[in-house]
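The structure appears below as structure tokens.
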Amino acid sequence: MRSSGVGSRHSLLDLLPAGTELTDDGVPVVGGCRLDEVAAGAGTPVLVVAEDAVRARAREYADGLAARWPTSRVVFGSKAFSCTAVQRLMVEEGLGLDVAGGGEILGALKAGVDPRLLILHGNAKLPEEIELAVEHGLGLVVVDGPDDVDRLEAAVPAGREVDVLVRVIPGVTAQTHDSVLTGHDDSKFGLAPADAEVLISRIEGSRTLRMRGLHLHVGSQILQTEPFADAVAAVARLGEFPVYDLGGGLGARYTWADEPPTVAAYLDVLVGAARAHLSADAELIVEPGRSMVAEAACTVYSVVTVKRGRHTFVAVDGGMGDNLEVALFDQRFEAGIIGRLDTAEDDEVCQLVGRHCDSGDVLVRDVVLSRPAVGDGVVVPSTGAYCFTMANNYNGNRRLPVVFARDGSWRTVVRRETWEDLLGRDVD
């Protein structure tokens, strides 16, 4: 095996999960498994997770935060990869879970997670989700406004208390896509500081809710550290509390042009701001999601059609049914032909597109591929965040499977959807 590609252009190997190697015949080996063999066994499209890469990132966050601020904990943002096996893996590595809906609560419980390690989020929590949180004794509920408080107080039985955080809009606008921006003044999430103060006073007088602290989040796929520090300074003006949940948002590397801060640099800035503005006795919580899993996975497709004309369209057997990041957030990905990953032979600038009936079903625009042909395998790196979570059934698409690769073997943790699954909810 060799550790890098040949030729003058970037090596796609640099974007594949940590520890990936390239065989002499040009096949990426993820978690010790050849991607062509995984594709042959699991079918395509398939989402391949390098289990050790996820575990290493979880430990990097947990150990790094504990070393900088001992009274702290790391909570995985489940929505980035809402899969029972991933939730279980995170808890095995000592992390808690951020859950943003009833299904994520139930998935975590199925994974055997202690409910006290769960934090419930959401700007419009349904009554049944609040009832689940109360019934199972979730550790914290982040209240997004007065309606959450109304429903919680109605759901909590006499003699019980639920610990809550109040989500505050820090008024910080980070440089990211509008759809994943959450800390700016026009955010649908949380309350402006003046409104938060009113709600905090109400909670402090509640018989069933216990005011524990504040929550903030500035957005997702953030490639600068300054917004995180600015947000801490903004919410510190509301006073001292036992707990501060500083959210997540650190960006991941999708393309060669992306230069996200390291976890260490992110934690240095975040904890530095906490030391400057918060009580040293407070508990700090961080909630990484995208940066925890994005780079630890890749998706393998098969080429179905190649059309050469004004453009070269390379259509694969997946698309926006398994990756909505491009259509929703203009996220750029890269791709390569398995077996000709980094060769410069007969390169073509291609439009890598999906099979769905929508002109927006484009996976990668203007990507350089080597001699694409029907039947080729295509790998797209950095698909571990949100791709599986937002997978859908457009055009009767069957959602893709997830496999974990480790130590030269792989196992299916989510099976491919069947035709029977698609029709199973029909009652007429």
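The values are calculated or read from the model by the stated rules, or taken from the named source; none is laboratory data. Just so it is clear, the model here is predicted, and its values are computed rather than measured. Neighbour counts run over all protein chains shown; Cβ positions are idealised from the backbone, glycine included. Ligands, DNA and RNA are excluded from the accessible area calculation, which covers all protein heavy atoms including side chains. Shrake-Rupley method; radii C 1.70, N 1.55, O 1.52, S 1.80 Å.
Key figures
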quantity	calculated
Gain in span if fully extended, Asp428 to Glu204, counting 0.36 nm per residue against the direct Cα distance	75.6 nm
Under DSSP loop assignment and at most 13 Cβ neighbours within 10 Å, longest trypsin sites (Lys or Arg not before Pro)-free interval of the chain	10-159
The stretch 248-340: relative contact order as a whole-number percent, Cα under 8 Å and 6+ apart	29
The chain, Rg to Rh (Cα coordinates; Rh as Kirkwood inverse mean 1/r)	1.00
For the chain, built as a Gaussian network whose Cα springs stay under 10 Å, the top-fluctuating residue of Ser370, Ser201, Ser302	Ser201
Spatially close lysines, pair count over the chain: Cα under 23 Å, gap of eight or more or interchain	5
Percent accessible area from carbon and sulfur atoms, the chain, protein chains only, probe 1.4 Å	47
Check: the chain dipole with +1 on Lys, Arg Cβ and -1 on Asp, Glu Cβ, in debye	380
Beta bridge orientation in the chain: antiparallel %, DSSP, nearest 5	50
Beta bridges per DSSP with both ends in the stretch 1-126, % antiparallel, nearest 5	45
Amide H contacts under 5 Å for Phe76, placed H, 5+ residues apart	Gly96, Leu97, Asp98
With eigenvalues of the C-alpha gyration tensor scaled by 5 and rooted, the stretch 276-355, Å	39, 15, 12
Whole-number accessible area per residue in Å² for the stretch 199-358, which is evaluated in the context of all protein chains at 1.4 Å	37
Kirkwood Rh (inverse of mean 1/r, distinct Cα pairs), the stretch 76-119, angstrom	9.7
Extreme residue, positive dipole direction of the stretch 254-331, given options Val314, His277, Cys298 (C-beta unit charges)	Val314
Considering only the stretch 309-385, percent of DSSP beta bridges that pair antiparallel, nearest 5	70
For Phe241, distant residues with modelled amide H under 5 Å away	Ser279
Square roots of 5 times each gyration tensor eigenvalue, C-alpha, the stretch 19-60, largest first, Å	21, 14, 6
Rg to Rh, two decimals, where the stretch 53-104 supplies the alpha carbon set and Rh follows Kirkwood	0.99
Volume per residue that the Cα convex hull of the stretch 1-133 spans, once the total is divided by residue count, Å³	166
Residue among Phe404, Phe313, Phe329 with the largest mean-square fluctuation in a Gaussian network model of the chain, springs linking Cα atoms under 10 Å	Phe329
Net charge, Val232 excluded, C-beta distance under 12 Å - Lys, Arg +1, Asp, Glu -1	-1
Helix-only [θ]222 nm of the chain, DSSP H runs n ≥ 4, -39500 (n - 2.57) each, per residue, nearest 500	-8000 deg cm²/dmol
